[in-house]
Amino acid sequence: MTELTKRQRQILDFIQRRHHEAGVTPSFQEIADHFGFRSLTSVADHLRLLRQKGVLASEPGQARSLRVISPLQALQQRVAHIPVFGSIPAGFAQDRQQEAKGCVSIDIETLGLKPTPRTFALEVRGDSMIGKLIQDGDLVVLEHGMTPRNGDVVAALIDNESTLKTFIMERGKPYLRAENPRYPKMYPASELVIQGVMVALIRKRKE
């Protein structure tokens, strides 16, 4: 969390104290009067910065709805829990069932990602995507329901077998490309179903 200035800490303390004493948080005018601000715009600017730093929340359009967020709460709001549905081959396609393996917790600010109910993760097995710096043991974070663009990394079912490859559209026809010359291109004989488009990569830890 970003460090607060002395004035920002004073404003947070005042909001908390007034809420504790009166049961409601102070109005913009009360904050301005207490700190000697000449305009309500100054109050709004301070509160906006506090919201950006993750230590203050409010309900749009509702008076006296300020809510101070503790450092622990602020950290929890930055953390998202993404379900991990087993592993996916980054090699030759394999016929396998999805198996729930729990979840992975991510810092959404670090990854620059806003997960949705359609976000999920898979553990990579194999080396066919090393050209995209995707290694065996990594976790790929994917979004289900996205339409892949040419060059996107996707989790796909190709003729009922799962794999992780780069989606390529050529002359109106899709195929899957490995990012390792040891592996061939994969053209669907009957069906190609995109299960998810990769939106983030979580690097495995080195032992």
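Here, each number is a calculation from the coordinates, and none is a lab measurement. All values reported here derive from a predicted model rather than from experimental measurement. Note that each Cβ is placed from the backbone with ideal geometry, even for glycine, and that neighbours are counted across all protein chains shown.
Points worth noting:
- Summed side-chain charge close to Val43 - residues other than Val43 whose Cβ falls under 11 Å, Lys, Arg +1, Asp, Glu -1: -1
- The residues neighbouring Glu170, those whose beta-carbon lies less than 11 Å from its own, together hold a net charge of +4 under the Lys/Arg +1, Asp/Glu -1 convention.
- Full-extension gain in nm, Tyr175 to Val79, via 0.36 nm per residue minus C-alpha separation: 31.0 nm
- Prolate/oblate/rounded label for the range 79-202 (Cα gyration tensor, a/c 1.5): prolate
- Computed label-point distance, nm, for sites Glu3 and Asp152 using a 7 Å Cα→Cβ extension: 4.2 nm
- Cβ-based charge dipole, the chain, positive-most Cα from Thr41, Gly126, Val55: Thr41
- Over 25 Å [Cα-Cα, the chain], rounded percent: 53 percent
- Binned Cα-Cα distance frequencies in the range 6-69 - 10 Å width, integer %: 22, 63, 15
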